[in-house]
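The values are calculated or read from the model by the stated rules, or taken from the named source; none is laboratory data. Not measured: the values here are computed from a predicted model. Virtual Cβ from ideal backbone geometry, glycine too; neighbours counted across all protein chains shown.
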Amino acid sequence: MKKIKRSLFTILLLCSALAQAQNKFNGDFEVLDSKGSLQGWNLRLKATDAYIVKLDSIIKLQGKYAVSITDNKGADYGGVSFRIDKRFRGSRLLLAGYLKTKNVTSGFAGLWMRTDDINGKRIGYEYSEKPPLTGTNDWKQFVIHLPYDGREIVTISAGVVMAGKGTVWADSLRLYLDEKPIDEAIELQTPVYQALKDTLLNKSSGIDTIPLTPSSQKYLTLLGELWGFLKYHHPAIANGDYNWDAELFRVLPQVFSCTSDMQVSELMEKWVDKLGKVAACADCQTQPELNTVAVKPDYGNLFKNKTFGKSLTAKLNYILKNSNNATNYYVGGLIDARTSSFLHETSYSDKKYPDAGLRLLALYRYWSMIQYFCPNRELTTDKWSTILPAFIPQVINANNEHTYVKAIVKLIASIHDSHAFIESDVREQELGGYRLPFDAEFVGNQLVVTSSLKEGVDASKNLTRGDIITAINGVKIELLINKYLPLTPASNYATALRDMTSIYLRRSVDSTFNLQIVRAKAPVNVVQQGLQIGKGNEIYLPFYKPAYKLIDSAIGYIYCGAYKNTILDCIKTQFKHTKGIIVDMRGYPIDEMDPTFVAYFKSAPSAFVKFTGRSISNPGMFTFRESSKTGTKTTDYYPGKLIVLVNETTQSNAEFVTMALQSGQNTTVIGSSSAGADGNITPIFLPGGITTWFSGLGVYYPDGTNAQRVGVKIDKVVKPTVNGIKSSKDEVLEEAKKYIKTK
């Protein structure tokens, strides 16, 4: 996740809390209250050190006023927000508005919108970030979207935000729900959930210790499987009749007090009976066609264990066969949605070291969410059903906040997903506040310095390009790889090494790093001072790649990290007579490259990807949707060779665009394994204030090849070498140039 995204995410967490609730959307900034203030708008997104926000009657798009936001000394961001506390009938929000900027630097400006549930927890957020609005620009319209579900969303917040220096003006903002102004939306009555009334155990489980024996571990495994199964299948829980966290805490002491299989079976059967009889399903959906199934449900040992008696097993089979929930209190989105969001999940964030019951809940919650709503569950190295019993001792025996968070990080890493970002204050503290002042990457299993610190900052001890780091603080690199590999959420090995470098190897709680390196084949010891993170002193040599250029008369070059759709016509003109174009996808696109950019390389539309959809009525089932196409029928397309460069930094949208470009008739992909993490991401909130994500959308090639973990298909594998790094030679690019010039 980009730094700019993390910064804005933090800003938007504050926005709806500070806004004052209103109903009629005053998006034209024309309605003032009796005091002459802008009605409905909160002009301070930050309680202190705010930016200067005011009505402007001179610079405006229409009407009497626009709103201007200008940086203020000592402040780091500012903006305006409008909040609506109502539920509506609809499925999609749209915020449109016009922005004008002057000298916006060191930051960005844009529209933003977020939705929250009854507990104030974010359900969705979006902002106009493609590309981030910077510099000086005349009035330009921006549009952002968010899915909407009035059953769960109680607050809509929207506005304009700016970070950095400069001024942004906003005017003519419009908020729509299903293409109708929000003022005309049909209001829904607030649903009454019995689960929300059960608040006795909302702060803690009341369970400080859990005895762990071979028998109790077996029972706790079955309890976790049963808890997750009922949560997503039983209609009483789906209707919001039970606070399912609290029900776990109530039954848990009884489970680990059992001394026999019969006792456990009888106890759990009574627990199931407490939920009430499930009505027979007369219209349960039929199973999908076999050729449309991407991933089948998996219930672990729930239906094949020898602990449960025949009566309990029969009741669970009945629930499974008659589960036909169209909605679920704990799962957002409509029944046929591609992805899920998780609702009404208490994060227990005030306890950095949760009690034993909460620690076990964290495991049960995460395991169940992946079990039933992760489209890539079957791609884990270890079968997912084995993860639950393996981690029960780790979370129960965690004796402080650090060992607990480490256990959860290891759990998250088990899904092998480069989208599994982790946010935790405890983890940040353990990782430390100092970072080595240079970039490095793995060439094979050798950690090689790839960029040096800018001159003037400890240059006497600075490492140079091509230096091979063999040990950090006395520990050899190969041992550090083995140590941190199980703690690095990554789709494949190359991406694990990529992330491990920045998360663990170049970071420490100590400001001094003792490095052993090899330079010119000779071992050298270096004592390197780290830079303090977040103090504005992390200055590296400038990294720059042009959006496009002519390498020579025969070859054009485009870099995804700088490309904007506004330059496509210039590219077409300048590259018209080239033999080939190299599209460098070793980065993250800052603008939409599909469909207009991709269409430039295709003479007709063709399929390039197919997604999977999840099921609320049949949790754990993922089915293929119809393949998506890109391109248009045209004669104005590029006829030469197209070379796409990829490596482990090619992730998510970069992989998606690469797949789209591969659907052209003359595309060759050169490089090494991409990140293998594509599709929309889904957040999960866990006890202890831990937030993580996973790839919530299955992404496949039209032929059924899964892009997750493997990455995009590569035609020619080319990897950097140490000598290439030393000489600042881009060997992957050189191979692409050679390929174009070869008949």
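Select the helices (runs of 4 or more DSSP H) contained entirely in the stretch 491-609, then report the ones holding at least 2 residues which are in the same structural domain as Tyr434 (by TED's automatic domain parsing) and more than 25 Å from Thr634 (Cα to Cα).
Details: elements: 493-500, 568-574, 596-599.
Per the criteria, 493-500.
Matching residues to (1) buried (at least 20 other Cβ atoms within 10 Å of the Cβ); (2) at pLDDT 95 or above:
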residue	(1), (2)
Asn565	no, no
Asp569	no, no
Met585	yes, yes
Met593	yes, no
Asn618	yes, no
Arg625	no, no
Thr630	yes, no
Thr635	no, no
Val644	yes, yes
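Looking at the stretch 302-329, which of the residues that are closer than 17 Å to Thr221 by Cβ and among the charged types (D, E, K, R) is surrounded by the fewest Cβ atoms within 10 Å (Cβ to Cβ)? Looking at the filtered set, the residue picked out is Lys306.
Summed over the stretch 85-127, residues that are under 18 Å from Phe25 (Cβ atoms) and among the polar types (S, T, N, Q) total 1.
Evaluated against (1) buried (at least 22 other Cβ atoms within 10 Å of the Cβ); (2) over 30 Å from Ser106 (Cβ atoms), Val168 falls short on exactly one condition, (2).
Within the stretch 615-635, the set of residues being touching a helix residue (DSSP H, G or I) at 6+ places or on another chain (Cβ under 8 Å) and of a type outside the set (Val, Ile, Thr) comprises Pro619, Gly620, Phe624, Gly631. Total residues in the stretch 393-426 satisfying the condition of being part of a loop (DSSP other than H, G, I, E, B) and free of Cβ contacts under 8 Å to residues at least 60 places away in the same chain: the figure is 4. Scanning the stretch 113-155 for residues that are part of a loop (DSSP other than H, G, I, E, B), surrounded by fewer than 18 Cβ atoms within 10 Å (Cβ to Cβ) and within 21 Å of the chain's Cα centre (by Cα) returns Gly120, Lys121, Lys130, Pro131. Within the stretch 679-710, can you find the residues that are surrounded by 24 or more Cβ atoms within 10 Å (Cβ to Cβ) and aromatic (Phe, Trp, Tyr)? Answer for the stretch 679-710, where residues must be surrounded by 24 or more Cβ atoms within 10 Å (Cβ to Cβ) and aromatic (Phe, Trp, Tyr): just Phe694.
Could you please give the count of residues in the stretch 650-701 that are among the polar types (S, T, N, Q), within 14 Å of the chain's Cα centre (by Cα) and assigned to a strand (DSSP E or B)?
Looking only at the stretch 650-701, we keep the residues that are among the polar types (S, T, N, Q), and these are 650-653, 658, 662-663, 665-668, 672-674, 680, 682, 691-692, 695.
Pick out the ones that are also within 14 Å of the chain's Cα centre (by Cα) and you get 651-653, 680, 682, 691-692, 695.
If we keep only those that are assigned to a strand (DSSP E or B) as well, we get 682, 691-692, 695.
Qualifying residue count, the stretch 650-701: 4.
Among the residues making up the stretch 414-441, those that are small (Gly, Ala, Ser), more than 25 Å from Gly696 (Cβ to Cβ) and surrounded by 17 or more Cβ atoms within 10 Å (Cβ to Cβ) are Gly433, Ala440.
The set of residues from the stretch 611-647 being of a type in the set (D, E, K, R), outside any loop (DSSP other than H, G, I, E, B) and closer than 30 Å to Leu733 by Cα comprises Lys629, Lys641. Checking the stated criteria, Leu55 turns out to be surrounded by fewer than 22 Cβ atoms within 10 Å (Cβ to Cβ), at pLDDT 90 or above and closer than 21 Å to Ala163 by Cα. Is one or more of the residues making up the stretch 356-363 within 21 Å of the chain's Cα centre (by Cα) and either without any contact (Cβ under 8 Å) to a residue 60 or more places away in the chain or under 24 Å from Arg709 (Cβ atoms) (or both)? Within the stretch 356-363, one or more residues are within 21 Å of the chain's Cα centre (by Cα) and either without any contact (Cβ under 8 Å) to a residue 60 or more places away in the chain or under 24 Å from Arg709 (Cβ atoms) (or both).
Here are some residues: Asp85, Asp76. Which one is under 16 Å from Leu45 (Cα atoms) and either among the hydroxyl-bearing types (Ser, Thr, Tyr) or touching a strand residue (DSSP E or B) at 6+ places or on another chain (Cβ under 8 Å) (or both)?
Asp76
In the stretch 246-263, the qualifying residues are those that are free of Cβ contacts under 8 Å to residues at least 60 places away in the same chain and among the hydrophobic types (A, V, I, L, M, F, W, C), and the one that is farthest from Thr221 (Cα to Cα) is Ala246. The residues of the stretch 565-592 that are out of contact with any strand residue (DSSP E or B) (no Cβ under 9 Å at 6 or more places or on another chain), of a type in the set (Val, Ile, Thr) and touching a residue at least 12 places away in the same chain (Cβ under 8 Å) amount to a single one, Ile590.
Provide a single number: the residues in the stretch 60-88 that are in contact (Cβ under 8 Å) with a residue 24 or more places away in the chain and loosely packed, with under 14 Cβ neighbours inside 10 Å. Qualifying residue count for the region: 4.
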